Amino acid sequence: MERNYREDQLNEIEALDSIYCGELEVEQTEPHKFRLPIATTEYDTEVETEGLSCKLLFTYTEKYPDTAPLVEIEDPENFQDDYEQELLEHIHKTIEENLGIEMIFSLVSSAQEWLNVKYDELKNAAESAKEEAKRKVDEEEMKKFEGTRVTVETFMAWKTQFELDLGITERKEKILAENRKLTGRELFLNDNTLNESDLKFLMDAGESIESVRIDESLFQNIDDLDLDSDTDDEDYVPE
């Protein structure tokens, strides 16, 4: 028995109108040409910046469903440059898998799933880009705190320059100059009290000049001392 394509097509149109609750828009009936909208769950018709959406325009061929229907994409929203062609290729693959049976519902469902997958990829890519940007910002902030790795040489160079900039070096040199240990000669020249005799130190110790006595016995019998003279030298030759 020969298949009644016209009747099969009309029956499918009625089913689609029931399934999509008034979203089916019939443009012509000979042959039937109609459109159905598809969109990701995030798509907002008021904002129009979230999610993906488009309309699928179907046209029955004379021997549909044994032959493939014509499919066009209208009013794509937030599509990337290659999305429209990719979606058409995906729909045609689904058509090949369903030839011989009414397939519009399957085509719409498959296209809807494709949109969801693509939008998930977009969201993941955007999130990855955001995380990468944040990571770079965090790295730049960390570099401000890390600075240059410190070694003994770099620290000493920094310390020297730092003290010069703040005048610390100059103050240190002044303090050292004022407090450095003087030599005996410098003390003598700088302190007039050192011009006095050693008796000054004895007086400071509580002794008086009168308490100083010379032991004359140390100088008695000086003639008895055997003092060598130049004449006792065997090698001495008088001039």
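The values are calculated or read from the model by the stated rules, or taken from the named source; none is laboratory data. These numbers come from a predicted model, not from an experiment. Backbone-built Cβ (ideal geometry, glycine too); neighbour counts: all protein chains shown. All accessible areas refer to the heavy atoms of the entire protein, side chains included, with ligands and DNA or RNA removed. Shrake-Rupley method; radii C 1.70, N 1.55, O 1.52, S 1.80 Å.
With each label modelled as a point 7 angstrom along the Cα→C-beta vector, the E121-M142 pair spans 3.2 nm. In this simple spin-label approximation, D66 and E96 carry label points 7 Å from Cα along the Cα→Cβ vector, and these lie 2.1 nm apart.
Taking all protein chains together, H90, H32 sort by accessible area into H90, H32, largest first [probe 1.4 Å]. In summary, the lysines within cross-link reach of K130, defined as a Cα separation below 25 angstrom excluding same-chain residues under 8 places away, comprise K118, K143, K144. For the residue pairs K136/K159; K33/K63; K63/K93, the C-alpha atoms sit more than 26 angstrom apart in K136/K159. Residue ranking by accessible heavy-atom surface, 1.4 Å probe, largest first, among C54, C21 comes out as C21, C54. Computed 3J(HN,Hα) for the range 7-14, one whole-Hz value per residue from the Karplus formula 6.51 cos²θ - 1.76 cosθ + 1.60 where θ = phi - 60°, is 5, 4, 5, 4, 4, 5, 4, 4, glycine and proline marked x.
A 1.4 Å probe over all protein chains sorts E127, E153 by accessible area into E153, E127, starting with the largest.
Taking all protein chains as shown and a probe of 1.4 angstrom, D165 keeps an accessible surface of around 110 Å². Once the Cα-Cα distance is subtracted from the 0.36 nm per residue extended length, the R3 to Q161 segment shows a gain of 47.1 nm.
Pairs of alpha carbons in the range 44-106 separated by more than 19 Å make up 39% of all such pairs. The convex hull of the Cα atoms of the range 5-124, projected and averaged over all directions, covers 7.3 nm².
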